[in-house]
Amino acid sequence: DGGGDGRGAAAATLVEPFQPQIRKINQSVEEVRHQQEKVAKAMQEAKAKQKWCAELGELQAMMDLIPHYTAKAQSFVKDMQALSSRVQKSKQKAHAIIKSQEQQKNAARSGPS
């Protein structure tokens, strides 16, 4: 069909004067697409940094609690030492009482003969 070629040539003739503008528009579209890719990448990097900063903030909060927990641990150690001392004294008293009772029993057995 020869009519198709004629229409194509007519269309090309009509579009020809606008080719420089079309090329500029296509180039601008390509530049915008490239810029969008850069912005998207920068946004991803910013999100990663923000996440890292949030994690760093959580770490800082934990680090801030270390002195508090250190003081608690030291307090527990002192309490355990005091408890151990009290247990030891109680054992000594119990042994003394048992020994005293045994002496009294022995004295009662050997009693006034």
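The values are calculated or read from the model by the stated rules, or taken from the named source; none is laboratory data. Computed from a predicted model, the values in this text were never measured in an experiment. Ligands, DNA and RNA are excluded from the accessible area calculation, which covers all protein heavy atoms including side chains. Shrake-Rupley method; radii C 1.70, N 1.55, O 1.52, S 1.80 Å.
Overview of values
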item: Between region 67-113 and region 1-59, the alpha-carbon center distance in angstrom; result: 86 Å
item: Span per principal axis, largest first, for the Cα atoms of the chain (Å); result: 152, 35, 8
item: Mean residue ellipticity (222 nm) of the chain, computed from DSSP H runs ≥ 4 via -39,500 (n - 2.57), nearest 500; result: -35500 deg cm²/dmol
item: Acute angle (nearest 10 degrees) that the helix 19-110 long axis makes with the longest principal axis of the chain, alpha-carbon atoms; result: 0 degrees
item: Cα-based Lys proximity count in the chain, under 25 Å, for pairs eight or more positions apart or on separate chains; result: 14
item: Accessible solvent surface per residue of the chain, calculated while the other protein chains remain in place, 1.4 angstrom probe, Å²; result: 93 Å²
item: Helix 2-15 vs. the chain, principal-axis angle (Cα, 0 to 90°, nearest 10); result: 70 degrees
